[in-house]
Amino acid sequence: MSPPPTAPKPSGNRTGLIIGLVALVLILIVGGVFALVRAGSNGTTTSVTPTVPPAQATGTAQAQASATAVAAVTATAQAQVSATAAVNAANPNPYTPGQGQLALKDPLTDNSQGYKWVVSNESDGTCAFTGGSYNVSTPKTQFFFLCAAEATDFSNFAFEIQAKVVQGDCAGVVFRADTNKGKMYFYEVCQDGTYDFSRYLDYSGNNVKVLAGGSSAAIVTGLNQTNTLGIVAQGGTLTIYVNKQKITSATDSSFTHGQIGVFADATNKPTEVAFNNAKVWTY
């Protein structure tokens, strides 16, 4: 009898099938990754990008902030320089042209500029803003009444102010003054055409040194006439002007700095003086 027929073997190779399946999986994986990359580049899927470390980001922000602050400070400084140059150009120093910086400009119509001009009403005299001027008056004869700008302190400078004798005798200014102690340089012009330039060591009148005095054709005489008084103080050299004309110079080194102020001097009659347009250029 013949043996039974053997069952037929499956066609193909099992090892080859496994290799084929693995290859298919890899193709699918690679294809998926490629699709994600393409989708990200088209904007439909967000791809992961490297980030700046926190410390580096903070340092960059600080550097940018510092640069912005420096630029702002520089711009402000440049603006201030430009503004100062514009003010000086509009108010040139007539006594030493091209020199000095404008340090005080006060029309003297009120006390709003911050220089603290004295305002008082006493039996000996009055300091008051009235009628658009700073008025100083005294009823006492052989007496001068002083009103200072208490918030000022100048050393080397040019100072000018307009003065008008409304009634009485003389109008004047003081500079490098300590008004509490009566130490000052004292300069006045009178409506009769005379002037006096002196140094005071106190208010007693016993310690006065006359630096210069006399008469000048540059003084506009008579009541209600405006004269512009000018002073240039540089070290120990002191020069006085009226209506921008030089009167004389003197040398004295007693005081190196101090306040400015104005006064009415009633030599023979009760006196009232109106002051306007004070300016100081510092060196």
Largest-first principal axis extents of the Cα set of region 101-282 (Å): 36, 35, 31
Ser123 paired with Lys140, simple spin-label distance in nm, labels 7 Å along Cα-to-beta-carbon: 1.0
Protection proxy ranking, peptides 134-144, 115-125, average beta carbon neighbours within 10 Å, highest first: 134-144, 115-125
Computed E for Asp252/Val87 - FRET, C-beta separation, R0 30 angstrom, nearest 0.05: 0.45
Sites Glu150 and Ser66, calculated FRET efficiency, Cβ-Cβ separation with R0 45 Å, nearest 0.05: 0.60
Reachable lysines from Lys269, criterion Cα separation under 16 angstrom, eight or more residues apart if same chain: Lys140, Lys164
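Values in this text are rule-based calculations from the coordinates and carry no lab data. Please read all numbers here as calculations on a predicted model, not as lab measurements. Cβ coordinates were reconstructed from backbone atoms using ideal geometry, including for glycine residues, and neighbour counts include every protein chain displayed.
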